[in-house]
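The values are calculated or read from the model by the stated rules, or taken from the named source; none is laboratory data. Predicted model, so just to flag it, every value in this text is computed and none were measured. Ideal geometry is used to build each Cβ from the backbone, glycine not excepted, and the neighbour counts take in all protein chains shown. Quick note on the areas: whole protein, heavy atoms, side chains included, nothing else; ligands and nucleic acids left out. Shrake-Rupley method; radii C 1.70, N 1.55, O 1.52, S 1.80 Å.
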Amino acid sequence: MGPNDAHMATIGEVAMECAHLENNVQLLLIVMADLDFRKGRCITAHMPIRTVCDSVEALGGELDFDESKKKELKLLMNTAVQLVAKRNSIVHALWGITPESTVGKDEATAVVIKARAKLTIVHENLTPQAIQMISQSIREHTLKIAEFRVAFNKVRKAP
């Protein structure tokens, strides 16, 4: 037993939703930095999400956001980084059954291998529904970032 079609579909959904999340964070940086779209895309296209998020937060300080907006922005960016890390654990996992796997009904094992400071290998059993909940969290957070960007644009363009 391994991942079935439902697992594969929801893993793909996580990847797609995260692409939208990263796009919205990049657009926020472009708007806050007052870059034209093409130049902004040239800059953000090869930047890791953590760097984009740090840049957005730094611009919030430079644009004299009040403390509540700075806190909101920090929370939005921290959550974005965490969700991208969760996406990486889903999309880059080795999916299947291993000798260490003890799977329940409708579960498949995600073998997540990381090598930050030291090697860690984690086995996580997930149902398609659990993966879809991650996708939903990413989608909801993308909407929050898009709403922040739209509100910033309105204030910036106000007379």
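Note on the range 108-159: residues that are outside any helix (DSSP H, G or I), within 28 Å of K70 (Cβ to Cβ) and in contact (Cβ under 8 Å) with a residue 12 or more places away in the chain amount to 0.
For the range 124-135, filtering for residues that are more than 17 Å from A85 (Cβ to Cβ) and open to solvent by 30 Å² or more (accessible area, probe 1.4 Å) leaves 4.
Taking the numbered list (1) within 22 Å of the chain's Cα centre (by Cα); (2) open to solvent by 90 Å² or more (accessible area, probe 1.4 Å); (3) within 21 Å of N24 (Cβ to Cβ) in turn, I121 passes all entries but (3). Here no helices (runs of 4 or more DSSP H) wholly within the range 1-107 include at least 3 residues being surrounded by 13 or more Cβ atoms within 10 Å (Cβ to Cβ), at pLDDT 95 or above and more than 20 Å from the chain's Cα centre (by Cα).
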